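Here's the structure, in structure tokens; my notes come after.
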Amino acid sequence: MTLVIDVGNTNMTLGVFDKEVLKVTFRLTTKTPRTSDEYGLIISELLHKNGIQAEALTGSVISSEVPNVMHALQSALIRYTGTRPLIVGPGVKTGIRITTDDPRAIGAGRIADAVGAFEKYGGPVLVIDFGTATTYDLITGEGCFTAGITAPGIQISSEALWTQTAKLPDIEIKLPKSILAQETISSMQAGLMYGQIGQTEYIIKKVREESGLRDMKVVATGGLGRLIAEGTNAIDIYDSVLTLDGLRRIYEKNVK
């Protein structure tokens, strides 16, 4: 079995694959400082509670956007699972050719998304990850990562509203019943959610126009992606485990 870990700026998502079958997923908060022993004990306990013994793991792989957690996390996996993790980055086989101006600047999580989307759904494909940032990545039919767009995430936008203004409250992120809001909370929800949907539809439209890839699929992932996907017809597929599946595929390419 393979442990896959996607370390984002807000959360790290972990999953265990038995060959191609995702057996379990769970999340940890990235921003909480932890030692290698704390990571090891938490991960071991979560695995145990889901019926998986750490000793049953045969490999592990990590994509990370947060360098300062990597030493402790890698040490934890080596000590508590007996696996030395593959770190997604330069020199790792992915099956995707990055043709942007600065390939090394592309985040490991975005590469995992690209691999997962291209191999599961084919190309051309536009992958949208609704995470801490909202990212849009274009992969051609030949498997080239050719362009990327980065925008503030929904959570960042929400926090900016209530932390940078005196009277606006922290709110639940969800689609309100109507865009015609009658009070403060639903007015904020309307602005956040319909604003994100409008941004998403416009960026998809512009990518189609400028790339000429009118037939590209649009695949969304990320914690808040389901809400956006349910609010627009511009997204063809919502895949909640796309990043984890991409990591599994990268691991298998390198092990083989």
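A few notes on this one:
- Using a cut-off of 24 Å between Cα atoms, the listed pairs Lys19/Lys253; Lys31/Lys93; Lys19/Lys49 include Lys31/Lys93 as exceeding that distance.
- Alpha-carbon centroids, the range 86-148 and the range 21-82: separation in whole Å: 24
- The range 46-112: trypsin sites (Lys or Arg not before Pro) in DSSP loop, at most 15 other beta carbons within 10 Å: Lys93
- Other-chain or far-sequence residues with amide H under 5 Å of Asn9's (modelled H): Thr132
- With N the number of residues in the range 202-242, Rg(Cα) / (2.2 N^0.38 Å) evaluates to 1.20.
- This ranking places Ser158, Ser187 by how few other beta-carbon atoms lie within 10 Å of each, fewest first, which gives Ser187, Ser158.
- Remark: the Cα gyration tensor places the range 97-241 in the prolate category, a/c being 1.5 or greater and a/b exceeding b/c.
- DSSP-defined beta bridges in the range 21-169 - what % are antiparallel, rounded to 5: 75
- Considering only the range 2-87, percent of DSSP beta bridges that pair antiparallel, nearest 5: 65
- The chain: relative contact order as a whole-number percent, Cα under 8 Å and 6+ apart: 18
- Note that the range 220-228 has calculated 3J(HN,Hα) couplings of 10, 8, x, x, 9, x, 4, 4, 6 Hz, one per residue in order, obtained from phi through the Karplus relation 6.51 cos²θ - 1.76 cosθ + 1.60 (θ = phi - 60°); glycine and proline are x.
- Close amide H pairs (under 5 Å, H built 1.01 Å from N) link Lys93 with no residue at least 5 positions away or on another chain.
- Here the sum of -39500 (n - 2.57) over DSSP H runs of 4 or more residues, divided by the residues of the chain, equals -12000 deg cm²/dmol at 222 nm, to the nearest 500.
- Ascending count of other beta-carbon atoms within 10 Å, so fewest first, for Val16, Val21: Val21, Val16
- Rounded to 5, the percent of DSSP beta bridges in the range 107-253 classed as antiparallel: 65
- Remark: Phe118, Phe145, Phe26 ranked as Phe26, Phe145, Phe118, counting other beta-carbon atoms within 10 Å and listing the fewest first.
- Low-density loop cleavage sites - GluC sites (Glu not before Pro) in the range 140-179, where at most 10 other Cβ are within 10 Å (DSSP): Glu172
- Those trypsin sites (Lys or Arg not before Pro) in the range 173-235 that DSSP places in a loop and that have at most 14 other beta carbons within 10 Å: Lys174, Lys177, Arg214
- Options Thr58, Gly109, Ile5, ranked by Cα towards positive dipole end of the chain, top entry (Cβ charges): Thr58
Here, each number is a calculation from the coordinates, and none is a lab measurement. Fair warning: this is a prediction, and the values are worked out from it, not measured in the lab. Virtual Cβ from ideal backbone geometry, glycine too; neighbours counted across all protein chains shown.
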